[in-house]
Amino acid sequence: MTTQDSSFQTDALIADDIDAYLDQHQHKSLLRFITCGSVDDGKSTLIGRLLYDSKMIFEDQLAVLESDSAKHGTQGDQIDFALLVDGLAAEREQGITIDVAYRFFTTEKRKFIVADTPGHEQYTRNMVTGASTADLAVILVDARKGILQQTRRHSYLVHLLGIKHLVLAVNKMDLVDYDQATFDAIVAEYTEFAQEVGIENFTAIPISGFKGDNITAAPSATTPWYDGPALIAHLESVEVANTAAQERAFRMPVQWVNRPNLDFRGFAGQITSGTIKPGDAVRVVPAGKTSTVKTITTFDGDLDEAVAGQSVTMTLTDEVDCSRGDVITVADDPAEVSDQFCSTIVWMDETAMKPGRGYWLKIGSQMVTATVQAPKYEIDVNSLDHLAAKTLGLNAIGVAEFATDKPIVFEPYSNSRQLGGFILIDKFTNATVGAGMIEFSLRRAQNVHWQATTVTRDDHAVLKNQKPRVLWFTGLSGSGKSTIANEVEKQLALMNRHTFLLDGDNVRHGLNKDLGFTEADRIENIRRIGEVARLMADAGLVVLTAFISPFRAERRMVREMLPEGEFIEIFVDTPLDVAEARDVKGLYKKARAGELANFTGIDSPYEAPETPEIRVNTVDMTPVEAAEYIISQILPLK
């Protein structure tokens, strides 16, 4: 036999092995679960043991594990199973889990993906990330320490995140001589807490992750008093989410419109709930158009039926308007649509939440702008008390209302994680800053509707013989915004233009008299002015605003309220030392003396425009020259 023949034969044997493995495992159900609890409760050790006992460790990995155990291990001359999961150097040095580590393993009955989540309070956001896709949570408790604050915290969080199946794994039973009284006392205490939180049921199992007691299918002889299932046996018997989801109404968020040629137009996505067959009547929301399923296509061919969890491409019998972000639902039981909600939010960023600021909100395949209001309250997850709060800091959990710039398709999180769970994204950094769960839509969102009027904004503009504009002056206090804006309006009035000037100080005497100068109040101040400016632009006016408006996010928010080209950002670019030298109102002096808090440029930031439409300054220009330059840039106004 030639070397080439031998190579082909070897490749064929490998291919046969792969096919046999796939044939053996591809039809098994998949359970996603997390391990959580307090620091050093043995989460990583337990996962390492599961991988080891399920023969999911290759020989080279085992050799590395034995070497690492000798260097970094905490179990003497024995294998430290935690090192299979604790991959970060910082974790090995500190002996704690920081990141979320995902591992796959399989048994004869089921496939598993397990997430080892951090136990320390400061990494709560990581734990929430791991729990967001889990069907089951294993709450570990050190038998020596009993129920701790983090036990309560993580139990509350997994319950909040909608995980229905909980396992109370009382670990390190070998260190308390497998004492039944110790186990029973911990279970009794946890039962009392679970009732307070609203956890309806859980399964308690005495284990030793290090020794392997009650981990595999065989009950351990060390706990003859325990007659329940071992951990693996229980995990193999739990009903997975997709099975329950199939019983609910059909929902499929559209990820992509598949148009390979003129003869095919399909809608691709993953079915989140229900079942669907060709011939079934469906509705596309939010538009509400109805049609009938023509075909259900996959890579392997057409299907006679598709169920929750499958990714498919669906074609319809009618040419309906449907695109990414829409949701295809069963015709007679569509999902809800709204633009105002009450939600529970977990804040995940170092920078605190800014009420009134616009964030990207992503829910399923939908992406909209959302404005979050100040929290109704923050939840103390240790005591479950509701605390007064004006914002949410890192790892804080609170209940708050938010509004979106257009209606979205949703379901309460308790019914659907996919259509009820969302993330918040900072528009400038693109960082994920929060995660949330929709509880319900606000009743006022259903009762208040936009009233169509006969005379349109275009009619108002024609009557005034001009194109509406919002001239948004921004700059430091003392930069000359109001002076220049006043001069621009005067010159426009001489040209018979219809204008209105909104000045920062003047507006705070009436419309915004209830607002202070904190960051949250500044954001709300600009939001209100933006809404007023938009209404005036709808009336056909050229609106001039003179506000410090220190944050780019809020200036961008106002820009997005208006049609393309109608928002003109004018940066009055005056250096801080020049503005402070003028100090016409004596504000800088008071701020420097500590008598005036939250003053822009001193103890509150000013974010200068990066690409304003117009830039002027009062160092090289007089106010009249600056006004003439601005008018030359915005003309003609027709």
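The values are calculated or read from the model by the stated rules, or taken from the named source; none is laboratory data. Predicted model only: the values in this text are computed from it and were never measured. No Cβ is skipped: glycine too gets one built from the backbone with ideal geometry, and neighbour counts run over all protein chains shown. Surface areas here come from the heavy atoms of the whole protein model, side chains and all, with no ligands, DNA or RNA. Shrake-Rupley method; radii C 1.70, N 1.55, O 1.52, S 1.80 Å.
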Helices (runs of 4 or more DSSP H) contained entirely in the range 463-539, each with at least 3 residues that are within 32 Å of the chain's Cα centre (by Cα): 519-538
Selected residue (only one of VAL293, VAL312 is assigned to a strand (DSSP E or B), buried (at least 17 other Cβ atoms within 10 Å of the Cβ) and over 31 Å from the mean Cα position of the chain (by Cα)): VAL293
Matching residues in the range 280-290 - criterion: being in a loop (DSSP other than H, G, I, E, B), open to solvent by 60 Å² or more (accessible area, probe 1.4 Å) and without any contact (Cβ under 8 Å) to a residue 60 or more places away in the chain: ALA287
Total residues in the range 252-276, condition touching a Lys or Arg at 6+ places or on another chain (Cβ under 6 Å), open to solvent by less than 10 Å² (accessible area, probe 1.4 Å) and in contact (Cβ under 8 Å) with a residue 60 or more places away in the chain: 2
Only one of ALA218, ALA181 that is assigned to a helix (DSSP H, G or I), free of Cβ contacts under 8 Å to residues at least 40 places away in the same chain and out of contact with any Pro (no Cβ under 8 Å at 6 or more places or on another chain): ALA181
From the options ALA233, ALA249, ALA244, residue that is in a loop (DSSP other than H, G, I, E, B), open to solvent by less than 60 Å² (accessible area, probe 1.4 Å), among the hydrophobic types (A, V, I, L, M, F, W, C) and under 30 Å from GLY274 (Cα atoms): ALA249
Residues satisfying the stated conditions in the range 296-306, i.e. in a strand (DSSP E or B) and surrounded by fewer than 18 Cβ atoms within 10 Å (Cβ to Cβ): THR298, GLY301, ASP302
Restricting the range 545-571 to residues that are open to solvent by less than 20 Å² (accessible area, probe 1.4 Å) and in contact with a Phe, Trp or Tyr (Cβ under 6 Å, 6 or more places away or on another chain), the residue that is nearest to PHE500 (Cα to Cα): THR545
Residues located in the range 277-304, provided they are acidic (Asp, Glu) and at pLDDT 90 or above: ASP280, ASP302, ASP304
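The rows are residues; the columns are (1) in contact with a strand residue (DSSP E or B) (Cβ under 6 Å, 6 or more places away or on another chain); (2) in contact (Cβ under 8 Å) with a residue 40 or more places away in the chain; (3) aliphatic (A, V, I, L, M); (4) more than 30 Å from ALA374 (Cα to Cα).
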position	(1), (2), (3), (4)
PRO278	yes, no, no, yes
LYS294	yes, no, no, yes
VAL307	yes, yes, yes, yes
SER311	yes, yes, no, yes
ILE328	yes, yes, yes, yes
SER338	yes, yes, no, no
TRP347	yes, yes, no, no
Condition met for ALA352 (crowded, with 22+ Cβ neighbours inside 10 Å and either modelled with pLDDT of 90 or more or in contact with a Ser or Thr (Cβ under 9 Å, 6 or more places away or on another chain) (or both)): no
Candidate set: the range 591-601, residues that are within 41 Å of the chain's Cα centre (by Cα) and open to solvent by 50 Å² or more (accessible area, probe 1.4 Å); chosen: the one modelled with the highest pLDDT: ARG592
THR622 vs. criteria among the β-branched types (Val, Ile, Thr) and surrounded by 16 or more Cβ atoms within 10 Å (Cβ to Cβ): no
Matching option when the condition is modelled with pLDDT under 90 and among the β-branched types (Val, Ile, Thr), among VAL170, VAL254, VAL238: VAL238
Strands (runs of 3 or more DSSP E) lying entirely in the range 326-440 (those with 2 or more residues that are under 21 Å from VAL158 (Cβ atoms) and touching a helix residue (DSSP H, G or I) at 6+ places or on another chain (Cβ under 9 Å)): 336-347
Among the candidates ALA370, ALA388, ALA431, residue that is open to solvent by 30 Å² or more (accessible area, probe 1.4 Å) and more than 30 Å from ILE147 (Cα to Cα): ALA431
Condition broken by LYS111, with the remaining ones in (1) in a strand (DSSP E or B); (2) open to solvent by less than 10 Å² (accessible area, probe 1.4 Å); (3) in contact with a His (Cβ under 9 Å, 6 or more places away or on another chain) satisfied: (2)
Residue within the range 132-145 that is more than 18 Å from VAL381 (Cα to Cα), part of a helix (DSSP H, G or I) and either open to solvent by 10 Å² or more (accessible area, probe 1.4 Å) or not aromatic (Phe, Trp, Tyr) (or both) present: no
